[in-house]
Amino acid sequence: MDGTSGRVMADRYFVAHPIGGGRVTLDGPEGHHLAHVMRAKAGMEVVLFDGSGTEFLAQVLSVRRSAAELEVVARREVDRESAVTLTLGVSLPKGDRQKWLVEKVVELGLRRLVPLMTSRSVAQAGADAVKRLDRAVIEASKQCGRNRLMTVDAPQSWPDFVAATRGVSCRLLAHPDVTGAGASLPSAAPQQVVAAVGPEGGFAEQEVEEAIVAGWQTVSLGPRILRVETAAVVLATWATTNYRATP
Ligand code: SAH
């Protein structure tokens, strides 16, 4: 591994407390991974990140059964965040598709995911589910080089989400429009965007109305019906690849 070129994506470990430099103990699942799975030896170099935006080059000092002691040797400010701050409200799909969604939107730079409770939502993201999703956020961040963790909020009801996002000027509600007459995504994303994806059963008409009254814009993502996770990926891709700074 080359510790200076920045090509060190595969050997990143997340530390759940702020790293201040000096010595760091890596335990829990991350310590297990380094000590047990990677069979770390003293002298090995890895990258640590704590979610604050900075990453640290560190050297393994000693290895125990499921933990390791490391010494920070360099601090690097590397910004791999998207220029667009996107908050996405999603009525989450079930099981593996939920985890897949989280993994992809982390890679695409989503800043904040808000599980939505709508009238047709099926899967409720309970405290355990949010915890599992937080783990998926860490795994994806390790893999893609992100140094800031995407936030997964506690589930919010649709009216609460609409009320909480009132201050944001760009609010987009993904809503299938089979007539083909619906507005499509704007060609450029502003710096701050809030978007929402409904459940497999779709948003209820009254929920769409509620959003429109509050100033949301409905957008069509094309003439085919996408799965919830596909719609989330389309919105995150659009936001991450179409930023234009407003003059
Ligand atoms: N049966 C539902 C489809 C739900 S698809 C209906 O006909 O309304 C799940 C969610 O994905 C939708 O609520 C919407 O937010 C999003 N979505 C899927 N396909 C879309 C499309 N073509 N355009 C806009 N949003 C779409």
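A compact table of results
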quantity: Nearest 10 degrees, 0 to 90: helix 95-107 Cα axis against the chain principal axis; calculated: 80 degrees
quantity: Mean-position separation - Cα centroids, the range 12-86 and the range 138-160, in angstrom; calculated: 20 Å
quantity: Cut-off under 5 Å, modelled amide H: who pairs with Met38 long-range; calculated: none
quantity: The chain: Cα Rg divided by the 2.2 N^0.38 Å rule of thumb; calculated: 1.13
quantity: Value of relative contact order over the chain, rounded to a whole percent, pairs C-alpha under 8 Å and six or more apart; calculated: 20 percent
quantity: Under 9 Å, Cβ to Cβ, from Ala136 - net charge with Lys/Arg +1 and Asp/Glu -1; calculated: 0
quantity: Reciprocal mean inverse distance between Cα atoms of the range 107-247 - Kirkwood radius, Å; calculated: 16.0 Å
quantity: Whole-Å semi-axes of the range 101-169's equivalent ellipsoid (Cα gyration tensor); calculated: 23, 16, 9
quantity: Residues with amide H under 5 Å from that of Ser62, placed H, sequence gap 5 or more; calculated: Glu69
quantity: Stokes-Einstein D for the range 185-247, Kirkwood Rh over Cα pairs, 20 °C, 1.002 mPa s (µm²/s); calculated: 165 µm²/s
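Each value in this text was obtained by applying a stated rule to the coordinates, not by laboratory testing. Just so it is clear, the model here is predicted, and its values are computed rather than measured. Counting neighbours? That spans all protein chains shown, and the Cβs are built from the backbone with ideal geometry, glycine included.
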